[in-house]
Amino acid sequence: MIWILLIAALLAGIILPGFWVRRVLAKYSEPADRYRSQGSGAELARHLLDSFELTDVKVEASELGDHYDPGQRAVRLTEANYGGHSLTAITVAAHEVGHAIQHARGEVLFNARQRLVAAAVKGERVGRVLLIAAPVIMLLLRVPQASAAVLGLAVASMALSTLVHLATLPVELDASYGKALPMLQQGNYLHDGDLPHARRILKAAALTYVAGSLASLLNLGRWIAVLRR
C-alpha cells in the first residue's frame, strides 16, 4: 500500500506541474480582446524591445512554442500570443523579452544556461541514437549485458535535459519576476486587478520547460523498466 501511495505521489509530481501550467495559460487567454486597445503580444514585445534599445531583436510568430532564440536574436511567440490581446498574450510576451534583455546584458546565469542547453540537446540526440542502436547491438553481439549498457547510457543522456531545466530555473524566474514583472508594472501596461493574475502567468511561463521535462520522465521510466528485465 505504501509503495502504491509513493508511486501515485511521484506520478502526481511529474504530471500535475504541466497540467497546472497549461490550465493557467489557457484560463487567462480569455477574454481574448482584454488588451485590444493596448496592442497585441507581438506589438508589446516590439515596444518593450525598442524601449531597451534592442532594435536588432526580431519578433516572430512560431509553431514551436513561446521562446527566445539567442542564436537568431528573435522573440518567438505562438500565433495565439503573437496576434492575441489577452492577459496571457502580453504577459508571456514580456517574459520572452526578459530573456532578450538577459542575453543583451550578457548575464552570467543566462550564458551558463545556453551552454548547458547546448550540451543537453547533444545528449538527447546521442540518447535517441543509442535507443535505436540497442536492439541492433543485442542482435549482433548476442550479449544482453551490452544492450542493457547501451540502453542505460541512452536513458542517462536523455535525462540530462530534465536536469538542465531544473538547474537553470533561476534564469526563467528572473525573466519573469526580475524583468517582465517590473516592466509591466512600471509601464502601467496592466489593467486594475490584473497584477495577481499576471504573477500566476509569469510563474507558469517560468515553469514551462521544467514541466515539459518532468513529463518526459515518464518515457524514461519506461526505459528503466526495460533495463530491469
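The values are calculated or read from the model by the stated rules, or taken from the named source; none is laboratory data. Because the structure is a prediction, the values reported are computed rather than measured. Please note: Cβ atoms are built from the backbone with ideal geometry, for glycine as well, and neighbour counts cover all protein chains shown. For the accessible areas, the whole protein counts, side chains as well, though only heavy atoms, and no ligand, DNA or RNA atoms are used. Shrake-Rupley method; radii C 1.70, N 1.55, O 1.52, S 1.80 Å.
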Self-check item: Matching option when the condition is open to solvent by 20 Å² or more (accessible area, probe 1.4 Å) and outside any helix (DSSP H, G or I), among Arg76, Arg113
Solution: Arg76
Quiz item: hydrophobic (A, V, I, L, M, F, W, C), outside any helix (DSSP H, G or I) and at pLDDT 85 or above, is that true of Leu184?
Solution: no
Practice problem: Kindly indicate whether any position in segment 129-149 is within 21 Å of the chain's Cα centre (by Cα) and either at pLDDT below 75 or under 19 Å from Val21 (Cβ atoms) (or both). | Solution: no
Quiz item: Quick one: in segment 30-63, which of the residues that are part of a loop (DSSP other than H, G, I, E, B) and at pLDDT 95 or above is surrounded by the most Cβ atoms within 10 Å (Cβ to Cβ)?
Solution: Val57
Quiz prompt | Yes/no for Arg105 being open to solvent by 70 Å² or more (accessible area, probe 1.4 Å), at pLDDT 85 or above and at negative phi | solution = yes
